[in-house]
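Here is the structure we will look at.
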Amino acid sequence: MTYAFSYYFQLDDPLIQLTESYQWINFFDFYWRLGIDGLSIGPILLTGFITTLATLAARPITRDSRLFHFLMLAMYSGQIGLFSSQNLLLFFIMWELELIPVYLLLSMWGGKQRLYSATKFILYTAGSSVFLLMGALGIAFYASNEPTFNFETSANQSYPVTLEILFYIGFLIAFAVKSPIIPLHTWLPDTHGEAHYSTCMLLAGILLKMGAYGLVRINMELLSHAHSIFSSWLIIVGAIQIIYAASTSSGQKNLKKRIAYSSVSHMGFTIIGICSISDMGLNGAILQIISHGFIGAALFFLSGTSYDRIRLVYLDEMGGMATLMPKIFMMFSILSLASLALPGMSGFFAELVVFFGIITAKKYFLMPKILITFGAAVGTILTPIYLLSMLRQMFYGYKLLNATNSYFFDSGPRELFVSIAILLPVISIGIYPDFVFSLSVDKVEAILSNFFYS
């Protein structure tokens, strides 16, 4: 994948490249149409990277391991298809294709309450994708005499305001469940708390990014009028979500649920960036998508490896792991600091650019800008509180030192390799973030040109 992009993808071309277009169903002009532009190349590379590492992380699974890896790869094809589809119906098909492997991975290899959380996941996401289908069909049939699903033709289409708002609400519900926007986020902690950690890497790293990608790809590009109406409300929701999820996270006793709430909190920054409708804000949102994809996956992987060692889930039963497993302690500390936006890591730069995006937004008045920046800043203060207290409860103290079987293996070469492989892009994006910006900056200008034609 890296080879294909480095040789065949032109960075300075904002149009769609590497296209594939075949007529699939002749009856209503439905094409198998794929293509990649500056917006989707980041998530696609992230997907390939995280999936490779997640299959390496799934090495300890011995029960039906072939089926497990088949489902992981099926999930992978759904994700790549979603990020590269240039057709609304194909987008919907890939969106649904994603659900079946996740459901099976959850219900077969999950924790104790796996059936409950898998059912909750499928109800939320399948129920929300009905709205996605309705919106896609509505846009297709409104367009002309014969229905067309292509993004290019839909992008130049203009709708009556009420109809566009209805379309927007339908798409928004579907994407708000996926990239969890409060109050539709409750499936996420349950799902992450029960799933096997290699599934968690894919869930946190990529599944949550599909919702944010859909918001940009459909709601911003195709429905720009309604987006400028709704964004002032959504940006408030984003600021509330950052504070709410961060303060909920510090009350969680389950390690995986704490990390799950932290990822809900971090997705609030992408919502703020998308709704700021400014150049900096949208670039920062895309950078936050990629940065959190790495950091969230790494934190779930490390929590899973430490669960493999000590078989404990609740934080108040842990303690004193630092002397027993120094390598896991080191990687966990570094990646937690990356998650709380330490300068020099990718999370810091993404959040900084999102802040700049709110402040430079032409759309809002000064007072709302100050309030929203203040709210998001409170969130960045709450983030270190729950992450550092998590580190303190897990690694410091003496609890597990005096345990009967107090000899635990430290992380082996495979686990060390996975965590260092995720750490390297986090640090390199933090040092040189222009690499990610150079992928998306032309496409972002093309999207935002729809908003400033008044």
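Does at least one position in segment 295-314 carry a residue that is of a type outside the set (D, E), assigned to a helix (DSSP H, G or I), in contact with a Cys (Cβ under 6 Å, 6 or more places away or on another chain) and buried (at least 22 other Cβ atoms within 10 Å of the Cβ)?
Yes - at least one qualifying residue is present in segment 295-314.
Would you tally the residues in segment 315-325 being part of a loop (DSSP other than H, G, I, E, B) and under 20 Å from G251 (Cα atoms)?
Going through segment 315-325, the residues part of a loop (DSSP other than H, G, I, E, B) turn out to be 318-320, 325.
Then keep just the ones that are under 20 Å from G251 (Cα atoms); that gives 318-319.
Of the residues in segment 315-325, 2 are part of a loop (DSSP other than H, G, I, E, B) and under 20 Å from G251 (Cα atoms).
I want to confirm something. Restricting to segment 40-92 and keeping residues that are under 24 Å from L302 (Cβ atoms) and of a type in the set (S, T, N, Q), which single residue is most open to solvent (accessible area, probe 1.4 Å)?
Pass one, segment 40-92, residues under 24 Å from L302 (Cβ atoms): 42-43, 45-63, 65, 68-69, 71-73, 75-76, 79.
Checking the rest, the ones that are also of a type in the set (S, T, N, Q) come to 47, 51-52, 55, 62, 65, 79.
Numbers: T47: 0, T51: 5, T52: 90, T55: 39, T62: 119, S65: 40, Q79: 1 Å².
The extreme case among them is T62.
Taking only pairs six or more apart or across chains, which ones have beta-carbon atoms under 7 Å, a first residue in segment 63-81 that is without any contact (Cβ under 8 Å) to a residue 40 or more places away in the chain and on the phi < 0 side of the Ramachandran plot, and a second residue that is loosely packed, with under 14 Cβ neighbours inside 10 Å and in a helix (DSSP H, G or I)?
none
Does any residue of segment 40-52 turn out to be without any contact (Cβ under 8 Å) to a residue 40 or more places away in the chain and under 25 Å from I93 (Cα atoms)?
yes
For F141, are the conditions met, namely being in contact with a Gly (Cβ under 7 Å, 6 or more places away or on another chain) and either open to solvent by 50 Å² or more (accessible area, probe 1.4 Å) or modelled with pLDDT of 90 or more (or both)?
no
Restrict the check to segment 26-39 and report whether at least one residue is touching a strand residue (DSSP E or B) at 6+ places or on another chain (Cβ under 8 Å), farther than 27 Å from F417 by Cα, open to solvent by 10 Å² or more (accessible area, probe 1.4 Å) and free of Cβ contacts under 8 Å to residues at least 12 places away in the same chain.
no
Return the only residue of A118, A140 being assigned to a helix (DSSP H, G or I) and more than 30 Å from I36 (Cβ to Cβ).
Step by step, each of A118, A140 is checked, and only A118 is assigned to a helix (DSSP H, G or I) and more than 30 Å from I36 (Cβ to Cβ).
Return the total of residues in segment 216-226 being assigned to a helix (DSSP H, G or I) and either in contact with a Phe, Trp or Tyr (Cβ under 7 Å, 6 or more places away or on another chain) or surrounded by fewer than 20 Cβ atoms within 10 Å (Cβ to Cβ) (or both).
So the count comes out to 5.
Only one residue in L172, L133 is open to solvent by 10 Å² or more (accessible area, probe 1.4 Å) and over 25 Å from W32 (Cβ atoms), so which one is that?
Residue meeting the stated conditions: L172.
Taking the criterion of being assigned to a helix (DSSP H, G or I), in contact (Cβ under 8 Å) with a residue 60 or more places away in the chain and open to solvent by 50 Å² or more (accessible area, probe 1.4 Å), would at least one residue in segment 146-159 satisfy it?
yes
Of these, I271, I235, I328, I259, which one is open to solvent by less than 10 Å² (accessible area, probe 1.4 Å), more than 24 Å from S419 (Cβ to Cβ), in contact with a Ser or Thr (Cβ under 7 Å, 6 or more places away or on another chain) and assigned to a helix (DSSP H, G or I)?
The conditions single out I235.
State whether the residues of segment 308-318 include one that is out of contact with any Ser or Thr (no Cβ under 9 Å at 6 or more places or on another chain), touching a residue at least 60 places away in the same chain (Cβ under 8 Å) and under 14 Å from S411 (Cβ atoms).
Yes: one or more hits.
K369 is checked against (1) open to solvent by 20 Å² or more (accessible area, probe 1.4 Å); (2) closer than 25 Å to V237 by Cβ; (3) touching a residue at least 60 places away in the same chain (Cβ under 8 Å); (4) not aromatic (F, W, Y) and fails just one. What number does that condition carry?
It is condition (3) that K369 fails.
May I ask you to verify whether R59 is basic (K, R) and part of a helix (DSSP H, G or I)?
Here the answer is no, as R59 does not meet what is asked.
Take segment 1-25 and flag every residue that is open to solvent by less than 60 Å² (accessible area, probe 1.4 Å) and in a loop (DSSP other than H, G, I, E, B).
Within segment 1-25, F9, D13, P14, I16 meet the criteria.
Sort out which residues of segment 93-110 are under 21 Å from the mean Cα position of the chain (by Cα), open to solvent by 20 Å² or more (accessible area, probe 1.4 Å) and of a type in the set (F, W, Y), and write them in order of number.
Of everything in segment 93-110, just one residue is under 21 Å from the mean Cα position of the chain (by Cα), open to solvent by 20 Å² or more (accessible area, probe 1.4 Å) and of a type in the set (F, W, Y), namely Y103.
Of (1) open to solvent by 20 Å² or more (accessible area, probe 1.4 Å); (2) modelled with pLDDT under 85; (3) of a type in the set (S, T, Y), T380 satisfies all except one. Which?
(2) is the only condition that T380 fails.
The values are calculated or read from the model by the stated rules, or taken from the named source; none is laboratory data. Computed from a prediction, not measured in an experiment: that's the story for all the values here. Methodologically, a virtual Cβ is constructed for each residue, glycine included, from the backbone with ideal geometry; neighbour enumeration extends over all protein chains shown. With ligands, DNA and RNA removed, areas are computed over all heavy atoms of the protein, side chains included. Shrake-Rupley method; radii C 1.70, N 1.55, O 1.52, S 1.80 Å.
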